[in-house]
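Beneath this line is the structure, given in structure tokens, with notes to follow.
Nothing in this text is a laboratory measurement; each read-out follows from the coordinates by a stated rule. Note that the structure is a prediction, hence the values are computed from the model and not measured. No Cβ is skipped: glycine too gets one built from the backbone with ideal geometry, and neighbour counts run over all protein chains shown.
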Amino acid sequence: MIEITKINGVKILVNPHLFEVVEETPDTVITLTTGRKIIVKESRQEIKNLVKLYRKDILAE
């Protein structure tokens with residue numbers, strides 16, 4: 001799980017395996033495979049970096 005901040009400031013944990021699309025419109029919107037959309041404060045690049053770190057952690061275990 002990665003920790004991200006919703007636009008209202010609430011921090012949540014999300015499973016990045018459920019990410020379908022991450023786009024900046026100009027807000028960053030994450031669309032999950034379930035169809036749910038989450039607007040977050042982090043940039044698209046920050047989300048990408050968090051997912052990379054998450055995957056590295058999984059491979060290291």
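Filter the stretch 28-61 down to the residues that are surrounded by 11 or more Cβ atoms within 10 Å (Cβ to Cβ) and acidic (Asp, Glu), then identify the one that is nearest to Asn8 (Cα to Cα).
Among those residues, the one meeting the criterion is Glu42.
Those residues that are in contact with a Phe, Trp or Tyr (Cβ under 9 Å, 6 or more places away or on another chain) and surrounded by 11 or more Cβ atoms within 10 Å (Cβ to Cβ), I need them from the stretch 1-16; list them, please. Give the steps one after another, and end with the answer.
The first filter runs over the stretch 1-16 and keeps only residues in contact with a Phe, Trp or Tyr (Cβ under 9 Å, 6 or more places away or on another chain), leaving 1-2, 16.
Matches in the stretch 1-16: Ile2, Pro16.
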